[in-house]
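Right, one structure below, let's go through it.
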Amino acid sequence: MSRSISLELIKNEIRNIPDFPTPGIQFKDITTVLKQADLFSFLVDTLAEIFQDKGITKIACIESRGFILGGALAGKIGAGFVPIRKPGKLPAETLRREYSLEYGTDAIEIHKDAIIPGDVVLLHDDLLATGGTASAAVALLKGLDPSKICLSFLCELDFLEGRKHLQEYEVSSLIHF
Ligand code: AMP
């Protein structure tokens, strides 16, 4: 028998790992949700309902957890998939941006030909924390001249106010902590 699925149920299924990968971080482990077929397809369907009529041509997804739902969503709504990756992973010419994370600093890259002028781009990642990663990704995307950028996250850590750095954009998060 199929169960009744809600975002509240999915929120409760996300596993909290204290002090991972560094002390003080409450890591939101979504693998506990992704491994459940009905929850995975509920999330893809929910995201598709939100984004299918927005004229999105590309979904740019942040390595690596952003690839999972972002890739499935791209297939579902008929958009192209664009990876945003850690330095040195993309083989062709890239743009690069440094950023700060809730834990540490890093950089991300995108292929220079991944987006063309006029693309309507949805940026997707699993989680919005301080907003450093998403801001860096938006800066990369802007450098490629899309006609519009909007943002999608599975989870948002509201208390870190990452959204404040993204005020010019539509930001959608399905689950709030
Ligand atoms: P931030 O740049 O601070 O918004 O961090 C967002 C990125 O770091 C996303 O790619 C997340 O996957 C990851 N991240 C940051 N904090 C957490 C957390 N508490 N649990 C899971 N992932 C996190």
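Figures for the structure shown
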{"read-out": "Part-to-part distance (alpha-carbon centres) for segment 4-20 and segment 73-132, which is given in Å", "value": "25"}
{"read-out": "Rounded percent of accessible protein surface that carbon and sulfur make up, segment 54-176, 1.4 Å probe", "value": "48"}
{"read-out": "Pairs of lysine residues in the chain - Cα separation under 19 Å, sequence separation of 8 or more or cross-chain", "value": "17"}
{"read-out": "For the chain: span of alpha carbons on each principal axis (Å, largest first)", "value": "47, 39, 31"}
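The values are calculated or read from the model by the stated rules, or taken from the named source; none is laboratory data. As the structure is a prediction and not an experimental result, all values here were calculated from the model. Each accessible area value is taken on the protein alone, full model and side chains, heavy atoms only, with ligands, DNA and RNA left out. Shrake-Rupley method; radii C 1.70, N 1.55, O 1.52, S 1.80 Å.
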